[in-house]
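Undergrad: One structure, pasted below without further comment.
The values are calculated or read from the model by the stated rules, or taken from the named source; none is laboratory data. If you're wondering where the values come from, they're calculated on a predicted model, not measured in any experiment. Cβ placement follows ideal geometry from the backbone for every residue including glycine, while neighbour counts extend to all protein chains displayed. Ligands, DNA and RNA are excluded from the accessible area calculation, which covers all protein heavy atoms including side chains. Shrake-Rupley method; radii C 1.70, N 1.55, O 1.52, S 1.80 Å.
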Amino acid sequence: MSTTDFRFFDRTAETLSRTELTALQDRLLKSVVRRTALSNSWFADRYREAGVNPAKFGGLDSLEKLPFMSKKDFREGYPLALSCVDRKSIVEMHMSSGSTGTPVVMPYTEHDLALWAGCMARCYVMAGAVRGDVCQITPGFGLFNGGFGCYHGARAAGLFTLPCGAGNTARQIRLAQDFGTRVLVAVVSYSVRIMEVLAEQKATLPSLEIGIFGAEVFSDQMKQRIRSGLGIDVFDIYGMTETGGIGIGMDCPLHNGIHIWEDQYIVEVIDPETGKNLPDGQFGEIVITSLCREALPVIRFRTGDRGRILSREVCGCGRTGLRLDTISGRLDDMLIISGVNFFPSQVEQALLKIPGVLPNYRMTIEDNHGIKHLRVDVEVEEGVTGYMIEKQLKEVLGFSPAGDVHKPGTLPRQEGKAKRVFFETKD
Ligand code: DLL
């Protein structure tokens, strides 16, 4: 493929040179710091406490002087204490409840919705979608940003949108067949559910070519399973409520990292303990600044996601934004069992290396009077034994978790994001 074979929604923005990107980020950062300080005392107070004078702020070179924002700030600011615009300018909002149940609210102005739609449209076009393609959107429509983000973007890209939302898989398959869905968007585990129901029905989706999946840990093994299971190209899309929704970046058809739309977002990777920036290539916590949003720009938002910067070189597709590795999980998901620190994504990766192991599994951490044990339950095809699983996991973890193999379709499923890790305390 030469760069001329790659398609762009906004070629100029997607291919700015490194010098142009740096100059643009510098200008936008100064402006967003000034704007947030002038419009909301919450931001002004934070800058003052950090010793930053917004009127004289030095831009990109002084980025590390700016204070971090966190999920806690959003929760304490519920419902709209962090908003930087007049209430009359807000036209939509999305919300996530997260693990503590306290809501995180993201308001949008018209301008914000246009930016969001543009970012998502870039993702669709980067994946190869063209005007008129049928795009089936299966993330939930509602307060979750997934459904509407995909919808706004699909409209901007001129796609024929099927706004299905979550659930009713048999009907989703029927629609995909009857309308010729070429682009499918889903939460990762839902694409697995679609594969399962297709297998049960001995059916296929002949028009389907592009799968855009995310919202959950997405190991390379899982990508491979879905790619071969559905016979499609699989893309890893990233984003979250606090950054203004899904689509701050995605990988291109070369699949060499998540391309961040750096004309709108600054991405840093920090050491979660010290808060200091880490060199490219090192794993740490992803921190994001949204440069252009009006209603609620985030300044150095600590995502809690573990990742690393793969490259700032121009990609073979011609895009210039920095590339992030696949997100390896949430930092607070790290488990310590038998003295071994690991992430659930490592277990997923190890399990799916075994042929015949299905992408449905659950991990249970049993706490027996302070001693923690891991139990892994996984669905498998005939012929795969518990011993094979144990052996594989011992190689990766250094200890053998307890566990059982189960027949396909027998482990419980959830709608929306899959819950893979459970905790049990034994008295
Ligand atoms: O999950 C947005 C989204 C919807 C992304 C659909 C992709 C597809 P939240 O509910 O706010 O928003 O959750 C954001 O999900 O901090 C990550 O921990 C995780 N996440 C999102 N995308 C990925 C991904 C949506 N591609 C949180 N890989 C983030 C791994 C992801 N984790």
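Undergrad: If you line up the long axis of helix 110-127 against the longest principal axis of the chain, both from Cα atoms, how many degrees apart are they, to the nearest 10?
TA: With rounding to tens, the tilt is 50 degrees.
Undergrad: Taking a probe of 1.4 Å, how large is the accessible area per residue of the chain, in Å²?
TA: I get 44 Å² per residue for this part.
Undergrad: If you don't mind, another one. Could I have the simple spin-label model distance between Thr19 and Ala170, label points 7 Å from Cα toward Cβ, reported in nm to one decimal?
TA: A separation of 6.3 nm, rounded to one decimal place.
Undergrad: If you don't mind, there's one more thing I want to ask. Once amide H atoms are placed 1.01 Å from N in the peptide plane, what residues at a sequence separation of 5 or more from Ile246, or on another chain, have their amide H within under 5 Å of its amide H?
TA: Met240
Undergrad: I've got another one for you. Which values of log₁₀ I(q)/I(0), to two decimal places, follow from the Debye formula for the range 1-256 at q = 0.11, 0.14, 0.15 Å⁻¹ with a uniform point scatterer at every Cα?
TA: For the range 1-256 at q = 0.11, 0.14, 0.15 Å⁻¹, log10 I(q)/I(0) is -0.68, -1.03, -1.13.
Undergrad: Label point 7 Å out from Ser39 along Cα-to-Cβ: which residues of the range 64-86 have amide N under 14 Å?
TA: 81-86
Undergrad: Projecting each Cα onto the charge dipole of the chain (Lys/Arg +1, Asp/Glu -1 at the beta carbon, about the Cα centre), which of Pro79, Pro206, Ile286 comes out farthest on the positive side?
TA: Pro79
Undergrad: If you don't mind, there's one more thing I want to ask. State the volume of the convex hull built on the alpha-carbon positions of the range 318-372, expressed per residue in Å³ and rounded to an integer.
TA: Convex hull volume per residue, Cα atoms: 136 Å³.
Undergrad: Ok, one more. Take every Cα-Cα distance within the range 279-427, group them into 10 Å bins from 0 onward, and report for each bin the whole-number percent of pairs it holds.
TA: All Cα pairs, binned at 10 Å, distribute as 10, 30, 30, 19, 10, 1 percent.
Undergrad: What percentages make up the Cα-Cα pair-distance distribution of the chain when the bins are 20 Å wide from 0?
TA: Whole-percent P(r) values from 0 Å outward: 25, 57, 18, 0.
Undergrad: Assuming 0.36 nm per residue, please report the length gained on full extension of the stretch Ala50 to Gln282 beyond their Cα-Cα distance.
TA: 80.9 nm
Undergrad: For the chain, find the longest principal axis of its Cα atoms and tell me its angle to the long axis of helix 220-230, 0 to 90°, nearest 10.
TA: With both axes taken from Cα atoms, the answer is about 70 degrees.
Undergrad: Extension gain Ile371-Leu143, at 0.36 nm per residue separation less the Cα-Cα distance, in nm?
TA: Contour length minus Cα-Cα distance gives 78.2 nm.
Undergrad: Quick one: accessible surface of Val269, probe radius 1.4 Å, all protein chains present, in square angstrom to the nearest 10.
TA: Using a 1.4 Å probe on the heavy atoms, I get roughly 10 Å².
Undergrad: Rounded to the nearest 5, what is the percent of antiparallel bridges among the DSSP beta bridges in the range 334-426?
TA: Percent antiparallel among DSSP bridges in the range 334-426 is about 50.
Undergrad: Which distance in nm do the two modelled labels at Arg75 and Gln201 give, with both placed 7 Å along the Cα-to-Cβ direction?
TA: So the label points at Arg75 and Gln201 sit 4.1 nm apart.
Undergrad: Tell me which lysines have Cα within less than 22 Å of Lys71's Cα, excluding those fewer than 8 residues away on the same chain?
TA: List returned: Lys276, Lys417, Lys419.
Undergrad: Something else: Once the Cα gyration tensor of the range 210-363 is diagonalised, what are the square roots of 5 times its eigenvalues, in whole Å and ordered largest first, as equivalent ellipsoid semi-axes?
TA: Value: 26, 21, 14 Å, ordered largest first.
Undergrad: What's the magnitude of the charge dipole for the chain around its Cα centre, counting Lys and Arg as +1 and Asp and Glu as -1 at the beta-carbon? Answer in Debye, nearest 20.
TA: My answer is approximately 580 debye.
Undergrad: Sticking with this structure for a sec: Compute the helix-to-body angle for 18-39: its Cα long axis versus the longest principal axis of the chain, expressed 0 to 90° and rounded to tens.
TA: Relative to the chain, helix 18-39 is tipped by roughly 70 degrees.
Undergrad: Just to confirm my numbers, what's the Cα centroid distance between the range 219-273 and the range 137-211 in Å?
TA: The two parts, judged by their Cα centres, are 18 Å apart.
Undergrad: For an R0 of 56 angstrom, estimate the FRET efficiency from the Cβ-Cβ distance between Lys407 and Asp61 and round to the nearest 0.05.
TA: My answer for the efficiency is 0.45.
Undergrad: Based solely on its DSSP helices, what 222 nm [θ] is calculated for the chain when runs of n ≥ 4 H residues each add -39,500 (n - 2.57) and the sum is averaged over all residues, nearest 500 deg cm²/dmol?
TA: Per the formula, -9000 deg cm²/dmol.
Undergrad: Tally up the carbon and sulfur contribution to the accessible surface of the range 1-256 as a whole percent, 1.4 Å probe, everything protein left in place.
TA: C and S fraction of accessible area: 52 percent.
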